[in-house]
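To start, the structure itself, in structure tokens.
Derivation of every value follows stated rules applied to the coordinates shown; laboratory data play no part. Bear in mind that the values here come from a model prediction, so they are computed numbers and not experimental data. Every residue, glycine as well, gets a Cβ built from its backbone with ideal geometry; the counts of neighbours run over all protein chains shown.
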Amino acid sequence: MGALAEELAHPTFLGFAVIAARLLFAAILGAAIGFEREWRQRPAGLRTHILICVAAATFGVLTIEMVHTPAFAREAVVADPIRAVEAVTAGVAFLAAGTILFARGEVQGLTTGAGMWLAGAVGLSCGLGFWQIAGLGTLLILIVTGLMHTFEVRMGIAADKKDDENRDRSRAMEKPTK
């Protein structure tokens, strides 16, 4: 029983408050990114982006903890934090690819997929303790997805505005049936 209690109270390199702050910050930033996608009624919204950010942050924290854990501090074990970046990048890219569709001669979901990929980078930044990078990355994501969308709508080049116009045209061409 003592071994189990010792295992559950395993000391970490980072304090628990720091770990909690990093994961919470990742959740908040993921929520900001996901809210914009949810608001625009796009696939992969609030929950997905929060999960991606928190998962990536968790991998970042785990990387730090593994590097500083005596069990991994052998001469034969070489810790390379870049591998965590590669793993998160590959994993999130796999998820993001699932949101990209080619339908009716157009690519759809590319912005959502890119946003998911960036959410992974933001989460990993949080987990590794690069708060400023995570915050600035999120700000840039919101500018690109939010303000650029507003600009595209005003210019009449937004994909969702075209979809609305095509839908309106289709409805207008339909004849009422009795």
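Can you compute the label reach from Thr69? Point 7 Å from Cα along the Cβ direction, backbone N cut-off under 14 Å, restricted to segment 1-42.
Under cut-off, by backbone N: 7-14.
For segment 7-104, what class follows from the C-alpha gyration tensor (a ≥ b ≥ c being the square roots of its eigenvalues): rounded when a/c is under 1.5, otherwise prolate if a/b is larger than b/c, else oblate?
It is oblate, given that a/c is not under 1.5 and a/b is not larger than b/c.
Through the Karplus equation 6.51 cos²θ - 1.76 cosθ + 1.60, θ set to phi - 60°, convert the phi angles of segment 136-152 into ³J(HN,Hα) values in whole Hz; use x for Gly and Pro.
5, x, 5, 4, 5, 4, 5, 5, 5, 7, x, 5, 5, 5, 4, 4, 5
Can you tell me the order of 116-123, 12-19, 29-36 when each peptide is scored by its average per-residue count of other Cβ atoms within 10 angstrom, highest first?
The most tightly packed comes first, giving 116-123, 29-36, 12-19.
Just subtract the alpha-carbon distance of Phe94 and Leu62 from 0.36 nm times their residue separation and send over the number in nm, one decimal. Intermediate values should be presented prior to the final figure.
On the way: separation 32, 0.36 × 32 = 11.52 nm, distance 2.10 nm.
That pair, Phe94 and Leu62, stretches by 9.4 nm at full extension.
In whole Hz and in residue order, list the ³J(HN,Hα) couplings for segment 7-14 that follow from phi through the Karplus curve 6.51 cos²θ - 1.76 cosθ + 1.60, θ = phi - 60°; x for Gly and Pro.
Listing the rounded values in order: 5, 5, 9, 3, x, 10, 5, 7 Hz.
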